[in-house]
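K.L.:
My structure is below; once you've seen it, I'll send some questions.
Taken together, the values in this text are just the output of simple stated rules run on the coordinates, not laboratory data. Quick caveat: nothing in here was measured; it's all calculated off a predicted structure. For neighbour counting, all protein chains shown are included, and Cβ atoms are generated from backbone atoms with ideal geometry for every residue, glycine included.
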Amino acid sequence: MPCKMYSSVRKFGTLSKHIPSAFDIAIVGGGTAGMNIAWKLGRYYKKLNIALIEPSLFHYYQPMWTLVGAGIKNFESSVSNFSDLTRNLRIVKLRDKTVEFIPEENCIRLATKGYLRYNYLVVCTGIELDFQRIKGIDEAFQKDNVCSNYSPDTVQKTWKCLQNMESGNAIFTFPNTPIKCAGAPQKIMYLAEDYWRKTGKRDNINILFNSSLPGIFSVPKYAKSLNEIIEKRGIKTNFRHNLIEIKASENVAVFENLDTGDKVPFEYGMIHVTPAQKPSEILKPIGDQAGFVDVDKYTLQHVKYPNIFSLGDCSNLPTSKTAAAVASQSGILFWNLVNVMAGRDPPMKYDGYSSCPLVTSYSKCILAEFDYDLKPKETFPVDQGKERRSMFIMKSTFMPLLYWFLHVTGRWSGPGKLRKLLRFGLSD
Ligand code: FAD
Ligand code: UQ1
């Protein structure tokens, strides 16, 4: 479908005295993906009229929350002001929420500023947390023994839960939907186990990983290592168990056995909740059946609207939803978008690269890296399936620096080049 250019758009007038209502490129969402893309485009295409639409005052480095929950980092180190990150970015920044996509008209509607017309659109609104699928969750969060690393409102409770826990069941859950960072629900469990062992409480605590999934991790190489750790450290797993209710007054969590349909109650001393997650309702006009933005898995271009691109957690790219995946996607999307704008075919193909630093203790980490085929695609010339101190230092010290100095300034597009350099001459 040919794109309607914005000469026909003048009737939309201006959003305000200084802001036009038509843009060469509109970027919806200024999180991990939007910030990187906005900087890439803003830095190299100064003549383009670009808008970045983001409602939040804050930008979160969510991968830090695993370490915040374990008391290793403070919450403040995971937050930056959106305005600080974009001060020198010479594009139009609109603090507003997109409430409607009208792709046939090359148009979006903003909650307060009205309609905005674009020639090209990049959609990166992330994935929404759906805590309300768990009956009783609001009352449960009032208690000291219920926490979640997944929300900025609850992540600081996790460390208190770990410290307060003395005995009984410590339950870590994994929901029955796609989630961001599929490793995060178990990383905090390994950290908790290490903490309770070091503080002499471990013998009184029974650790349970109650997951909707059928196994510990999707990539066989890393699943093998993780199963060995679980066995060695006496953690119990209940797969195909989905949390549906918390009875906070009784300290009971109810799980549905996804194979039999039975409702199974578990008493808990503490519970770490990973909520169900879903794409935003507003994505429907550009979404697939599940509601995620429907893009080609290699080019990141929309399958129906060629002037729309998407990346990150809101897209239907069939890989693990992580910041690491976003970084690799950002380079591909950038080159494909600018080529399509110049009338050429998208030249770059995304191979599904994603990565999950699986922190397994206060000093060790398995750095999982893999592609669409769930084949390891490791950056470093060592066996990354082993727990390593070097990888823990990479996760806790190097990655935050990389994120704040390279990623959110658009200078990082994943470890592809680093990998080529470090693994020169080595096979996969
Ligand atoms: P987000 O970064 O969530 O950004 C979405 C943005 O869109 C937000 O700023 C939001 O305000 C905005 N938005 C939403 N709706 C609208 C709208 N209607 N209009 C305009 N703007 C809108 N990844 C890793 O690589 N490594 C890790 O170790 C890791 N650990 C994690 C641990 C935890 C506990 C969590 C929660 C995540 C972790 N991740 C990790 C995952 C990573 O944070 C996400 O995959 C990544 O942030 C996705 O980027 P995104 O831009 O798609 O979404
Ligand atoms: C990465 O690129 C990234 O995004 C910025 C992450 O999120 C914080 C990661 O956790 C990882 C592991 C990568 C990949 C980078 C390297 C150096 C392997």
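K.L.:
Counting Lys +1, Arg +1, Asp -1, Glu -1, what net charge surrounds Pro381 among other residues with beta carbon under 10 Å of its beta carbon?
P.N.:
0
K.L.:
Considering only the other residues whose Cβ falls under 11 Å of the Cβ of Arg95, what net charge follows from Lys and Arg at +1 and Asp and Glu at -1?
P.N.:
Neighbourhood net charge equals +1.
K.L.:
To the nearest 500 deg cm²/dmol, what mean residue ellipticity at 222 nm is calculated for the chain from DSSP H runs of n ≥ 4 alone, each contributing -39,500 (n - 2.57), summed and divided by the residues?
P.N.:
Calculated mean residue ellipticity at 222 nm is -6500 deg cm²/dmol.
K.L.:
Spin-label point model (7 Å from Cα, Cβ direction): what's the Trp404 to Arg87 distance in nm?
P.N.:
Label at Trp404, label at Arg87, 1.4 nm between them.
K.L.:
Would you grab the residues whose amide H sits under 5 Å from the one on Phe23? Only those 5+ places off in sequence or on another chain, please, with H modelled 1.01 Å from N.
P.N.:
Correct list: Arg117, Tyr118, Asn119.
K.L.:
If Rh is defined by the Kirkwood formula over all Cα pairs and Rg also comes from Cα, what ratio Rg/Rh do you get for the chain?
P.N.:
When Rh is taken as the Kirkwood radius, the ratio is 0.98.
K.L.:
Could I ask something else about it? Taking the chain as the reference, fit the longest principal axis to its C-alpha atoms, fit the long axis of helix 323-341 to the helix C-alpha atoms, and give the angle between the two in degrees, 0 to 90, nearest 10.
P.N.:
So the helix axis and the longest Cα principal axis differ by about 10 degrees.
K.L.:
If you don't mind, another one. Pairs of alpha-carbon atoms within less than 8 angstrom and 6+ residues apart define the contacts here; what relative contact order does the stretch 354-427 have, in percent?
P.N.:
It comes to 29 percent, rounded to a whole number.
K.L.:
Spin-label point model (7 Å from Cα, Cβ direction): what's the Arg43 to Glu76 distance in nm?
P.N.:
With each label point 7 Å from Cα toward Cβ, the separation is 2.8 nm.
K.L.:
What FRET efficiency do you get for Asp288 and Asp203 if R0 is 56 Å and r is their Cβ-Cβ distance, rounded to the nearest 0.05?
P.N.:
0.70
K.L.:
Can I ask one more? What spacing in nm lies between the two simple spin-label points modelled at Asp383 and Gln142, each 7 Å away from Cα in the Cβ direction?
P.N.:
Here the answer is 5.2 nm between the modelled labels.
K.L.:
For the cross-link pairs Lys187/Lys221; Lys157/Lys224; Lys157/Lys236; Lys73/Lys160; Lys236/Lys278; Lys187/Lys395, which exceed 22 Å when the distance is taken from alpha carbon to alpha carbon?
P.N.:
Over 22 Å apart, Cα to Cα: Lys157/Lys224; Lys157/Lys236; Lys236/Lys278.
K.L.:
Which whole-number percentage describes the relative contact order of the stretch 129-277, with Cα contacts under 8 Å and a sequence gap of 6 or more?
P.N.:
Computed value for the stretch 129-277: 36 percent relative contact order.
K.L.:
Under a GNM of the chain (C-alpha, springs under 10 Å), which listed residue has the highest mean-square fluctuation: Glu245, Glu104, Glu378?
P.N.:
Maximum among the listed residues: Glu104.
K.L.:
Another question about this same structure. If you take every DSSP beta bridge whose two residues both sit in the chain, what share of them, in percent to the nearest 5, is antiparallel?
P.N.:
Taking every DSSP beta bridge within the chain, about 50 percent pair in antiparallel fashion.
K.L.:
Please list, ordered by chain and number, the residues whose modelled amide H lies under 5 Å from the amide H of Lys377; skip anything fewer than 5 residues away on the same chain.
P.N.:
Glu369, Phe370, Asp371
K.L.:
Mind checking which lysines have their C-alpha under 17 Å from Lys284, skipping anything on the same chain fewer than 8 residues away?
P.N.:
Cross-link targets: Lys97, Lys304.
K.L.:
When the Cα centres of the stretch 224-270 and the stretch 332-359 are compared, how far apart do they sit, in Å?
P.N.:
38
K.L.:
Then there's this: Sort Arg240, Arg87 by Cβ crowding within 10 Å, fewest neighbours at the top.
P.N.:
Listed from fewest to most nearby Cβ atoms, that is Arg87, Arg240.
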